[in-house]
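The values are calculated or read from the model by the stated rules, or taken from the named source; none is laboratory data. It should be emphasised that the depicted structure is a prediction, and the values quoted were computed from it without experimental measurement. So basically every Cβ, Gly included, is an ideal-geometry build from the backbone, and we count neighbours across all protein chains shown. The accessibility values were calculated without ligands, DNA or RNA, using every heavy atom of the protein model including side chains. Shrake-Rupley method; radii C 1.70, N 1.55, O 1.52, S 1.80 Å.
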Amino acid sequence: MSNHSDLSIIKIGGNIIDDPAKLDAFLEKFAALPGKKILVHGGGKIATRLAADLGLEAQMVDGRRITDAEMLKVVTMVYAGLTNKSIVAHLQKYSCDAIGLSGADGNAIKAVKRPVGKIDYGYAGDILADSVNEHTIKRFLESGFTPVFSAITHNGTGQLLNTNADTIASALAIGLATSYNVSLLYCFEKDGVLRDVNDDNSVIEAIKSSEFESLKASHIVHAGMIPKLQNAFDAIAKGVMDVYIGNADKLHHYHHQKFGTRLSA
């Protein structure tokens, strides 16, 4: 253990954001967490609904949004505007001095427009190894602010980009791991990684990187959970202390080192 201070980076998914009561309860728990922390949030369904109101059809391929120029306007308005500022206002209500940021603010997170392959994802931003400006983010943290990042980045030449929020959370964790003891938490609606997907009480409390392959081979970990865990273990290999996957409703248990599934080296 280094003499760095602890930093918790917490990503909250769209299904919580879409439920005002759940979101408020989560933010109250988040505000109560001790120490330095960063919140990263996805978009939820508000952008899709607003786009429909404006006559734009949301295009999805394999669960990823295609962001054309018009859709980029909508996701920027919703993610970096309405959703981000609503979250910040709620955190102020709970005495957490939050500051809402996109990747463009303080040049915090740069990305590159995803190259066109078989599919043109439009203005989707991919994160690179040096995307995170740790000096800017450290200045906010050391000044006592709690950064709240939306899933909007920029390319450094004036173009905003829509970037996956899970990826942003992981990149922030890796980028700040040289300065802090970073724990990365992915909060969603399940209690953790389940041994039996049909049994909510079958949470696997801890998974070491050496156990990951056998869990995949025995199909205990499969489908959408594989890339989540792969990203988590990649982050751990790059200096992140540990990664937790657990239920947003139970975030208060993290105080007691008892939250969801803990992934470690």
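Brief remarks on what is shown
- Extension reserve of the GLU189-GLU28 stretch, reckoned as 0.36 nm per residue once the Cα distance is removed: 56.3 nm
- Taking amide H atoms as placed 1.01 Å from N in the peptide plane, the amide H of GLY260 lies under 5 Å from those of ASN247, each 5 or more residues away in sequence or on another chain.
- Sorted largest first, the principal axis extents computed over the alpha-carbon atoms of the range 123-265 equal 47, 33, 26 Å.
- Once each of the GluC sites (Glu not before Pro) sitting in a DSSP loop with at most 16 other beta-carbon atoms within 10 Å is removed, the chain keeps 58-188 as its longest stretch.
- Computed on protein heavy atoms with a 1.4 Å probe, the accessible areas place ASP242, ASP6, ASP97 in the order ASP6, ASP97, ASP242, largest first.
- For ARG262, the solvent-accessible surface computed with a 1.4 Å probe is close to 90 Å², ligands and nucleic acids excluded.
- Take the Cα of ASN155, step 7 Å toward its Cβ, do the same at SER95, and the gap between the two points is 4.6 nm.
- Ligands, DNA and RNA are left out, and with a 1.4 angstrom probe the accessible area of the chain is 47 Å² per residue.
- Options [x] 0.95; [y] 1.00; [z] 1.11 - which one matches Rg/Rh (Cα atoms, Kirkwood Rh) as calculated here: [x]
- Base-10 log of normalised Debye intensity for the range 94-179 (one unit scatterer per alpha-carbon) at q = 0.21 Å⁻¹: -0.95
- In terms of the mean number of neighbouring beta-carbon atoms within 10 Å, the peptides 113-119, 191-197 order highest first as 191-197, 113-119.
- Placing unit charges on the Cβ atoms of the charged side chains and taking the dipole of the chain about its Cα centre, the candidate lying farthest along the positive direction among SER218, GLY103, ILE10 is GLY103.
- Stretched out straight at 0.36 nm per residue, the stretch from SER202 to ALA217 would grow longer than its current Cα-Cα span by 3.6 nm.
- Using the average count of surrounding beta-carbon atoms within 10 Å as a protection proxy, the listed peptides 43-53, 73-83 rank, highest first, as 73-83, 43-53.
- Kyte-Doolittle at least 1.0, axis length at least 15 Å by Cα - qualifying DSSP helices, the chain: 165-176
- Ligands, DNA and RNA left out, the 1.4 Å accessible surface of the range 115-232 is 50% carbon and sulfur atoms.
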